[in-house]
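Scroll down for the structure; my scribbles are underneath it.
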Amino acid sequence: MRLFGYMSFGQSVAKALLISLVPFAASAQRPPTKKKHFIKEVYASWGYNGEFYTNSTIHISQSALGNDYNFVHVKAHDHPGWNEGLFSKALSIPQYNYRLGFLLNEEKGWGFEINFDHTKYIFADQNVAIKGKLNNQRVDTTVAFNQANGFYYYLNNGANFLLFNITKKWHLLKTRDEKVKLDFLGKFGVGPVVPHTQNELFGKANDQGFQFGGWNTGAEGSLRATFFRYIYLEFSDKVDYARYHNLNIYMGAAHQAFGTEEMILSLGVVLPTTSRH
């Protein structure tokens, strides 16, 4: 009887061990779960740009000098630099731009991008209307705005637009092996401007330098051709609106706002965060 009791006890233990091993066996047969990546791919690019600026009014405030006037309907132009010999100077001297982007939803194409444009704004060599108060006297006249007369106004080491963009990508065309793809990207964002001010008004020069100068908002449409999955060439048309406050001038501050249209050509690289088959 005791023998049968031991056998019954052994069978119960064996049965319990088998039951406990079932989940391990089932889990061993399941395929491994793929790790989910919040960021589907990262991309980075470097390129060069050209700009067209809207006319604007620059307000000058120098209370200690009795000045509070406007330069009205100012015309400005860019200074590309890359058209004067791109490889004969430092890469950061011409008007350049860079992008650092993150694709967050591959199926729907949504992403985020840090978007910076080093653009140059040149106000010089023109007859311009000046209206307001100069030396505590009312003024409404025209001045020859050029260096010979003691005038220049540059954001020449950059009007410098920094944007934090939401992006959306649409697939247009691709080859069967997906080694060549053509996509369209829409981008929209807001961010600060970080201009470098360099100016002289009525023969009085400022202490030039970089500063936080206000805010800008921009929208961009881009055609991107990707080759062998990881290298791309991107052409963009961008519009931007920037408002500048408290720009450094001699014993005072300047304020202005203007719109910009940019043409941008960039070369970039894609860094996927998931394996591709």
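Each value in this text was obtained by applying a stated rule to the coordinates, not by laboratory testing. Predicted, not measured: the structure shown is a model, and the values here were computed from it. Cβ coordinates were reconstructed from backbone atoms using ideal geometry, including for glycine residues, and neighbour counts include every protein chain displayed.
Of the GluC sites (Glu not before Pro) found in the stretch 81-117, those in coil by DSSP whose Cβ has at most 14 other Cβ atoms within 10 Å are GLU106, GLU107. The simple spin-label model puts a point 7 Å past each Cα toward its Cβ; for ILE166 and LYS89 those points are separated by 3.8 nm.
One chain, two ends: PHE38 and ARG176. Fully extended at 0.36 nm per residue, the span grows by 47.0 nm beyond their Cα-Cα distance. Given axes a ≥ b ≥ c from the Cα gyration tensor, I'd like to know whether the stretch 157-212 is rounded (a/c under 1.5), prolate (a/b larger than b/c) or oblate. Here the stretch 157-212 falls in the prolate category. Sites listed here are chymotrypsin sites (Phe, Trp or Tyr not before Pro) in the stretch 67-175 whose DSSP assignment is loop and whose Cβ has at most 14 other Cβ atoms within 10 Å, and the list is empty. Pairs with C-alpha atoms separated by more than 25 Å, drawn from the list LYS108/LYS238; LYS120/LYS174; LYS75/LYS131; LYS89/LYS181; LYS204/LYS238; LYS89/LYS169, are LYS120/LYS174; LYS89/LYS181; LYS204/LYS238; LYS89/LYS169. In this rough spin-label picture, where each label sits 7 Å from Cα along the Cβ direction, the PHE227-ILE114 distance is 2.8 nm.
The string of couplings for the stretch 116-123 from the Karplus curve (6.51, -1.76, 1.60, θ = phi - 60°) is 10, 10, 8, 10, 10, 10, 10, 10 Hz, one whole number per residue in order, with x for Gly and Pro.
Which whole-angstrom value gives the distance between the alpha carbon centres of the stretch 232-277 and the stretch 77-154? After rounding, the separation between the Cα centres reads 11 Å.
Test of the criteria: in the stretch 170-266, which trypsin sites (Lys or Arg not before Pro) are in a DSSP loop and have at most 16 other Cβ atoms within 10 angstrom of their Cβ?
In loop regions of the stretch 170-266 (DSSP not H, G, I, E or B), the sparsely surrounded trypsin sites (Lys or Arg not before Pro) are ARG176, LYS179, ARG229.
Computed 3J(HN,Hα) for the stretch 211-217, one whole-Hz value per residue from the Karplus formula 6.51 cos²θ - 1.76 cosθ + 1.60 where θ = phi - 60°, is 7, 6, x, x, 9, 9, 9, glycine and proline marked x.
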